[in-house]
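Below is one structure, written out as structure tokens, with a few remarks after it.
The values are calculated or read from the model by the stated rules, or taken from the named source; none is laboratory data. Because the structure is a prediction, the values reported are computed rather than measured. Here the Cβ positions follow ideal geometry from the backbone for every residue, glycine too, while neighbour counts run over all protein chains shown.
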Amino acid sequence: MPISASRGGLRSGRKAPLGPADRVPTLPEVNKFDAGRGVPVATACDYKERNRPLPGAPLAKSAKQIKPLPIYILNGPTLNLLGTREPEIYGRTTLPEIGRMVAARAKSHGLTTVFRQSNHEGQLIDWIQEARMKGCGVILNGGAYTHTSIAIYDALKSLDKPIIEVHLSNPHARERFRHRSFVSMVANGVIVGLGAQGYLAAVEAMATLIKGQS
Ligand code: DQA
């Protein structure tokens, strides 16, 4: 009988006694399911776990069926102007070009990317929170929020997945206000001053971190 039908008592104002189907799931149980689609997903980016054959299952089939979660690559304010914004500092490669480069590099490791940019702090925080369930790690160029945002620091702190900070320029060789990074305080690694290539280095590092897990 469907759960709703077994709750006929609710309609008559009486609560039906709680059955096993009504039990509040524990957090680990909740994490095992993608709330939107109701399909099992990994709690962390347990790459090896997701690609380990089930007992008795043929290896090739198992490896094909279970895909690792994507790497979230998030870009902060004014990075949408890359290519034309102070090219002597940030280079001439545009953000969409970087997006294509990282997707190709991730693919070479059997990984995928979610590549996004926002000028808004809250939007970046929402995406970091999304990555808790749907991503296997975050590569973040927080732009100027890097140096100011305790809110992004807090969001990253609750992520519990690998974090790599990237900057096209080398903030330490620039104005003093760029020397402090709230992101560095929670990042596994930091890549600065390599231009667009830094994003590729970050994907390489992330792939190593992900595959080293579990
Ligand atoms: C930047 C460095 C930041 O200091 C600056 O505010 C940016 C870009 C970089 O990629 O070099 O917007 O994050």
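If you scan segment 177-212, which residues turn out to be surrounded by 15 or more Cβ atoms within 10 Å (Cβ to Cβ) and within 16 Å of His147 (Cα to Cα)?
Matches in segment 177-212: Arg178, Ser181, Phe182, Val183, Ser184, Val186, Ala187, Val190, Ile191, Val192.
Got at least one residue in segment 117-130 being within 11 Å of Asn75 (Cα to Cα), in contact (Cβ under 8 Å) with a residue 60 or more places away in the chain and within 11 Å of the ligand (Cβ to nearest atom)?
There is no residue in segment 117-130 that is within 11 Å of Asn75 (Cα to Cα), in contact (Cβ under 8 Å) with a residue 60 or more places away in the chain and within 11 Å of the ligand (Cβ to nearest atom).
All but one of (1) crowded, with 17+ Cβ neighbours inside 10 Å; (2) within 19 Å of Glu204 (Cβ to Cβ); (3) polar (S, T, N, Q); (4) over 17 Å from the mean Cα position of the chain (by Cα) hold for Thr113, so report the exception by its number.
(4) is the only condition that Thr113 fails.
So, Glu165, is that one under 21 Å from Pro96 (Cα atoms), out of contact with any strand residue (DSSP E or B) (no Cβ under 7 Å at 6 or more places or on another chain), within 16 Å of the ligand (Cβ to nearest atom) and among the charged types (D, E, K, R) or not?
Values: under 21 Å from Pro96 (Cα atoms): yes; out of contact with any strand residue (DSSP E or B) (no Cβ under 7 Å at 6 or more places or on another chain): no; within 16 Å of the ligand (Cβ to nearest atom): yes; among the charged types (D, E, K, R): yes.
Here the answer is no, as Glu165 does not meet what is asked.
Kindly indicate whether Val114 is β-branched (Val, Ile, Thr) and near the ligand (Cβ under 10 Å from one of its atoms).
Details: β-branched (Val, Ile, Thr): yes; near the ligand (Cβ under 10 Å from one of its atoms): no.
Considered against the rule, which asks whether it is β-branched (Val, Ile, Thr) and near the ligand (Cβ under 10 Å from one of its atoms), Val114 comes out as no.
Right, Ser149: assigned by TED's automatic domain parsing to the domain that holds Leu82, modelled with pLDDT of 95 or more and within 12 Å of the ligand (Cβ to nearest atom) or not? Don't jump to the end; show me each part of the working.
Values: assigned by TED's automatic domain parsing to the domain that holds Leu82: yes; modelled with pLDDT of 95 or more: yes; within 12 Å of the ligand (Cβ to nearest atom): yes.
So Ser149 fits the description; yes.
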